[in-house]
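Q: Following this message is one structure expressed as structure tokens.
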Amino acid sequence: MSRLNVAVIGAGAMGRNHARVYSDMESVNLVAVCDANKKTAKDVADNYNANHYDDYKEMIKKEKIDAVSVCVPTKFHKDVAVEIIRNKINVLVEKPIAATIEEANEIMAEAEKNKVKLMVGHIERFNPVVVELKKRIEKNELGKIYKVHCVRLSPFPQRVVDVGVIVDLAVHEIDILRYIIGSGVTRVYAETAQRIHSTHEDLLTGTLRFENDILGVINTNWLTPKKVREITVTGEKGMFVANYITQELYFYENEFTRKSSDYNSNFMNVTEGKMRKIKIDKKEPLKIELNAFIDCINKDMNPLVTGQDGVEALKIAEKFRQSAKEKIVIN
């Protein structure tokens, strides 16, 4: 199988990582890096013996490219992605898929029309701890799930100026909740605050009620001096606690269910049981994600995270913003 020629547009923190990972992959050639800042583009490209550009349209004309990672600020996603797609080039768009639902739908329509692969960079789906957590939930190791609580806290990021914490951080957890729970959302409610950011919210507490009656809770902000990335899933048989950063997964057993063959017979009996650490084969999620992107091109498969997945996550994010603004529950 011949190696695909790939490029990266946007050489900020995420774009640099895309370039680094691509440069180590045997299935691709990193041929170009593009950034509006020519020096930035050159610095990154020179590290990996790639060409550099400050105009992505010029790059597309001059280079033979099979796939592109779009790592520019969110407000530019639509224009850049659509231009790439119209040139019959496969594209991975970093999350969120676009600034608005209308722009996201335009990207999807162009991808379908031009018959190219469109993948959205919801990277946590490729985190080994999430993969293992989902596998164990599907094996019914928790029994009936009651609640999923997501915590994603960070210091204030100087890099983000065009969106708030809902679209930048909470969208990760929105996607993971949909992915793990596998059910539609019936209503949402959000409380937000703007403490440091000049134009957008930087704190969110949001709740989601799913069609299967599971409750989702998202706690996220840009105000915490330490990064926290955790998800807790509580069910009949116990509780899973997963740490995205350390890729550690723990199971806390409900002692009653271990002793009883019918844990539905007495829902009051929740008692503390053993804690067990589950072995995880730790890997860099971005490497898994980009390999999956290239595989879906080479093998003509649907991406794990489709354009529609990106749209659904963005829709819920927008409902959170509406709920907070209007101070209402959104059905």
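Values quoted throughout were computed directly from the atomic coordinates according to the rules given, and no laboratory measurement underlies them. Keep in mind the model is a prediction, meaning the values are calculated, not measured. Note: ideal-geometry Cβ built from the backbone for every residue, glycine included; neighbour counts use all protein chains shown.
Q: Are any of the pairs LYS42/LYS64; LYS139/LYS282; LYS113/LYS135; LYS277/LYS319; LYS88/LYS287 more than 27 Å apart by Cα-Cα distance, and if so, which?
A: Over 27 Å Cα-Cα: LYS113/LYS135; LYS277/LYS319.
Q: Okay, next question. If the cut-off is a Cα-Cα distance under 15 Å, which aspartates and glutamates reach LYS325, setting aside same-chain residues fewer than 8 apart in sequence?
A: Partners found: GLU191, GLU201, ASP202.
Q: Apply 1/(1 + (r/R0)^6) to the Cβ-Cβ distance of GLU112 and ILE245, taking R0 = 35 Å, and write down the FRET efficiency to the nearest 0.05.
A: Once the sixth-power term is evaluated, E becomes 0.45.
Q: Relative to the longest principal Cα axis of the chain, at what angle does helix 171-181 sit, 0 to 90 degrees, rounded to 10?
A: 50 degrees
Q: In degrees between 0 and 90, to the nearest 10, how far off the longest principal axis of the chain does helix 128-138 point, with axes built from Cα atoms?
A: Once rounded, one gets 50 degrees.
Q: With a sphere of radius 10 Å drawn around the Cβ of ILE176, what net charge do the other residues whose Cβ falls strictly inside it have (Lys, Arg +1; Asp, Glu -1)?
A: Cβ neighbours under 10 Å give a net charge of +1.
Q: Measuring from label point to label point, each 7 Å out along Cα→Cβ, what is the ASN298 to ASP79 span in nm?
A: 3.5 nm
Q: With the Cα gyration tensor of region 11-150 in hand, convert its eigenvalues to equivalent ellipsoid semi-axes via √(5λ) and list them largest first in whole Å.
A: 31, 19, 14
Q: Taking the 0 to 90 degree range and rounding to the nearest ten, how far is the long axis of helix 38-47 tilted relative to the main principal axis of the chain, both from C-alpha atoms?
A: 80 degrees
Q: Among DSSP bridges having both ends in the chain, what percentage is antiparallel? Round to the nearest 5.
A: Taking every DSSP beta bridge within the chain, about 60 percent pair in antiparallel fashion.
Q: On to the next question. Rounded to the nearest 0.05, what FRET efficiency do ASN105 and LYS277 give with R0 = 35 Å and r taken as the Cβ-Cβ distance? Could you check?
A: Efficiency, from the Cβ-Cβ distance: 0.20.
Q: To the nearest 0.05, how large is the calculated FRET efficiency for ASN47 and LYS325 if R₀ is 30 Å and r is the Cβ-Cβ distance?
A: 0.10
Q: Give me the net charge for the shell around THR40: Cβ to Cβ below 12 angstrom, other residues only, Lys and Arg +1, Asp and Glu -1. Walk me through the intermediate numbers first.
A: Values: positive: ARG16, LYS38, LYS39, LYS42; negative: ASP35, ASP43, ASP46, ASP54.
Within the 12 Å Cβ shell, the charges total 0.
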